[in-house]
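Okay, so here's the structure we're looking at.
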Amino acid sequence: QVQLVESGGGLVQPGGSLRLACAASGSSRGLNTIGWYRQAPGKQRELVATITNGGSTNYNDSVKGRFTISRDNAKNTVDLPMNSLKVEDTAVYYCYFRRLIDIWWGQGTQVTVSA
């Protein structure tokens, strides 16, 4: 089992910045992918950004150039600074951890971008 502890999120005005962080513990060693998905009201959960142990990243096109994902393999943590936030970034953000075919989710943290 893998436990995911999220931090960050909150309320910010358009154009502002927030930072999300997630720490994985438990059986979290080995080749894996960690990152973030989000779900806005009435919409499906979608990829935000993920990163592998080797540093390969994958981003939703809508966040490229504004969000930059990074990880600390020794600590099994992932960091997501989010800049130039838009109203459409408002959603519950979920930490995501995948190892082979197994996936774990965090409990979710709210990000609200509003004037």
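The values are calculated or read from the model by the stated rules, or taken from the named source; none is laboratory data. No experiment lies behind these values; they were computed from the predicted model shown. We place every Cβ from the backbone using ideal geometry, glycine too, and count neighbours over all the protein chains shown.
Numbers for the structure displayed
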{"quantity": "Some residue of segment 78-85 being surrounded by fewer than 20 Cβ atoms within 10 Å (Cβ to Cβ), more than 13 Å from the chain's Cα centre (by Cα) and in contact (Cβ under 8 Å) with a residue 40 or more places away in the chain", "calculated": "yes"}
{"quantity": "Residue that is surrounded by the fewest Cβ atoms within 10 Å (Cβ to Cβ), among those in segment 86-103 that are within 30 Å of G30 (Cβ to Cβ) and of a type in the set (A, V, I, L, M, F, W, C)", "calculated": "I101"}
{"quantity": "Considering residues of segment 19-46 that are of a type in the set (A, V, I, L, M) and out of contact with any helix residue (DSSP H, G or I) (no Cβ under 9 Å at 6 or more places or on another chain) only, the residue modelled with the lowest pLDDT", "calculated": "L31"}
{"quantity": "Qualifying positions in segment 63-115 - among the basic types (K, R) and not in a strand (DSSP E or B)", "calculated": "K64, R66, K75, K86"}
{"quantity": "Pick from segment 46-66, criterion surrounded by 15 or more Cβ atoms within 10 Å (Cβ to Cβ) and not polar (S, T, N, Q), ranking: farthest from V111 (Cα to Cα)", "calculated": "I51"}
{"quantity": "Qualifying positions in segment 1-16 - surrounded by fewer than 16 Cβ atoms within 10 Å (Cβ to Cβ) and closer than 16 Å to V92 by Cα", "calculated": "V5, S7, G10, L11"}
